[in-house]
Each structure stands twice: as C-alpha cells, then as structure tokens.
Amino acid sequence: MKKIYGNEYLLSTMANMIKNDKATQSVIFCGEKGSGKRLMAKYYTMSLMCESPVDGRPCGKCNSCHNVDKGYHPDVIYAPRTGKLGGYSVETARSVINQAYIKPNNNSGKKVCIFTDCKNTDPRTQNVLLKLIEEPPEYAYFIFTCESRTDFLPTIISRCVCFGVSTVTEEEAKQALIEDDCTPEEAESAVKCFHGNIGMCGDYIRDEELRKQVDLTKSLADSIIRKDEYMLNVQLFSLGSGRNEVKTVLSMLDKLVRDAAVLGRDKDAELIGCSRENAVALSGRLTPYQAVRIHNKIELADKAVDRNVAIPLTTAALAAEIIEII
C-alpha cells in the first residue's frame, strides 16, 4: 500500500479505535479531490481486516492486508457507480444490502462495504442505505468518501463518524511524487499548481488533458485581467460539453479568484490556486468585493452544470456576468 503522508492525527485516531475494539461501523471520509480519501478508506479497511495489527495499525504483510491492497478481498465490497453522473442507484444499494447480510468468511469476522465519491448519490438511494446503517449486522462496516458532508442527507451524517482528510505540505507532496518515480522537476512543476494535493499533483504529471486545463485556466485569468469578454467566451466555449472538464476548470478558476481576494488583504498569504503569478495579477485587477461576486457567479455556473443546464449557455452567461462585475 502507498505510504500515507500527513493526517497523523486521523491515523492515530483510527489506530486507537481498532486497538480498543471500538471501530465505528459507519465512516465518512471527506476531503477535496486528490486529497487521499480513497487511500484512507483502503487503509481503514486494511486495519479492520488485518490478521496481526500492530498497535491498531495494519501490518501490511498478512494475506488479508495483501488482498485488501490489491482489491480482491472476498469480504470487501466496492459498490459500482452507474448513470451519467456516476452516482449510486437504488438497485445498487439493495444489492449491497443483500451482500452485507451474507456472513463473512475470514479471520477478522468482518465485512466491509465501500462507496467512493458519493457526490451524486440520489436521496432515494441514501434512504435505502439509511435503514442498513441504522441497524447493521454486527460484522458489517460501511465506508463512504465525499468532497463535502453536504453530499449526504442529515440523517446519514447523524449516524456516521465523519473524518476530514487533509492535503499535506508541499515538501511532503514532492517527496511522495518522487517516491512514485516522478522526477524532481516534474514534482516541482506539479506542486506549483496543486500544492499539497498529492492526487492532483500526480494527475497533473501523468495527464496531458489536465495540463491543458491548467493552461486554459491561466488564459481565462488573463482574459479577466484584460476585461476581454470575447476571448473569455472563446476560451470557455473551447471546453465543449464535457461536464467533468468544465467543472475542473471552473474549480481552478474559482481558486485563482479566491487567491486574488486573499492577496488583496495579505500579500504573503498561502495560496491554493494553480498559478501565483495569475493570482497576483488578478489581485491588482479585482477588489476583494469583486472577487467574492465572481466566486458566487462561478459557484452558480457549477451548480447549473450539475443540473444538466446546457453548458455552452452556462459558460456564455458566466463570461458576461464576470465582465459586468469588473
């Protein structure tokens, strides 16, 4: 299993739960994309299944640890996502419930059901799962990952223990990338864009499309600085109708706008966007009030994309609104 960087308090908390035989049966791991939520879910699963835990932490050597790490442990169920939004259907939830009631056949006596990336999980599906979470079999454990607790109904949240998964320091991110066979130059370039988010840094190095999206985000910032509505429209239109691509670029642009607002108050502030240079230039163009208004417009556009509103119309409206604000 990959080494987990940072999040030592979370790792220590989980180890104490396992060591004291107080592992919670329903857990939600929350964190931004690339922060390591799925890795943490696998680690917790390995802790539950381990045949020889060391102070509550998985040994990483037994058959159970090996099988969990490789993804073929017979008593670890990864629920399949379906549909255009990649959510979980009612049928999937019912199938997992049926499997959860089949007793496990392993040394730990436990069974684990994992639902990753729960952003688009229908409330009907959550209500089906709620009945199982409320009164689970004593051997069954349920793990969910999401970017925000708001992805779940309050009734689900109230019956789960929620853990926040944090990004790491930039130095830790560089070390992790180099250990994953990236060159120091690649690691440095990726960290400049995605800082301590190891997952996104790795994607940036491996995925040419993501690198193009970063370049496009920087170009969008330049068009805002120049107040060039035509180019802003052209650049947003070039994204096409791919939901994930549009949402990725909107998220990165939003972070640059956030950085601009922060820099307007503190020139030495820690930034989260993909380009310090663009953030500095934006801070000279936008007042903090304008940055907040643009953030609100980007957030509304992002929600419109989730609701299947025509993407070209959404991005055209966003371009017009941004130019009107500045």
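Every number in this text was worked out from the coordinates using simple rules, so none of it is lab data. Note that this is a predicted model, so its numbers are computed, not measured. All Cβ positions, even for glycine, are placed from backbone atoms using ideal geometry, and neighbour counts span all protein chains on display.
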Original post:
Hey, could you pull the Cα Rg and Dmax for the range 212-326, both in Å?
Top reply: 12.9, 39
Original post:
Within the range 109-189, which GluC sites (Glu not before Pro) sit in a loop by DSSP and count at most 13 neighbouring Cβ atoms inside 10 Å?
Top reply: 138
**OP:** Kindly write out, for the range 150-156 in residue order, the coupling ³J(HN,Hα) from the Karplus curve 6.51 cos²θ - 1.76 cosθ + 1.60 (θ = phi - 60°), rounded to whole Hz, with x marking Gly and Pro.
**Re:** 5, 5, 10, 5, x, 5, 5
Subject >> Gained length - residue 52 relative to residue 228, 0.36 nm times residue gap less alpha-carbon distance >> reply: 57.1 nm
Subject >> trypsin sites (Lys or Arg not before Pro) restricted to DSSP loop in the range 32-68 with at most 13 other C-beta within 10 Å >> reply: 61
Original post:
For residue 105 and residue 326 in the same chain, what is the full-extension length gain: residue separation times 0.36 nm, less their Cα-Cα distance, in nm?
Top reply: 73.2 nm
Subject >> Rounded tilt (10° steps) of 90-100 against the dominant C-alpha axis of the chain >> reply: 30 degrees
Original post:
Using alpha carbons only, how many degrees (0 to 90, rounded to 10) separate the axis of helix 276-285 from the longest principal axis of the chain?
Top reply: 50 degrees
Original post:
What percentages, rounded to whole numbers, describe P(r) for the range 100-195 computed over all alpha carbon pairs with 10 Å bin width beginning at zero?
Top reply: 13, 31, 22, 22, 12, 0
Original post:
Antiparallel DSSP bridges in the chain: what percent, to the nearest 5?
Top reply: 10 percent
Subject >> Virtual paramagnetic centre 7 Å along Cα→Cβ of residue 61, amide N under 19 Å, in the range 10-53 >> reply: 46-53
**OP:** Beyond 30 Å between alpha-carbons counts as too far, so tell me which of 33/218; 37/247; 22/174; 19/70; 22/247 fall in that bin.
**Re:** 22/174; 22/247
Original post:
Computed FRET efficiency, Cβ-Cβ of residue 24 and residue 131, R0 25 Å: what is it to the nearest 0.05?
Top reply: 0.90
**OP:** In square nanometres and to one decimal, what's the mean projected area of the convex hull around the Cα atoms of the chain?
**Re:** 17.3 nm²
Subject >> Kirkwood Rh and Cα Rg combined as Rg/Rh, the range 169-209 >> reply: 0.90
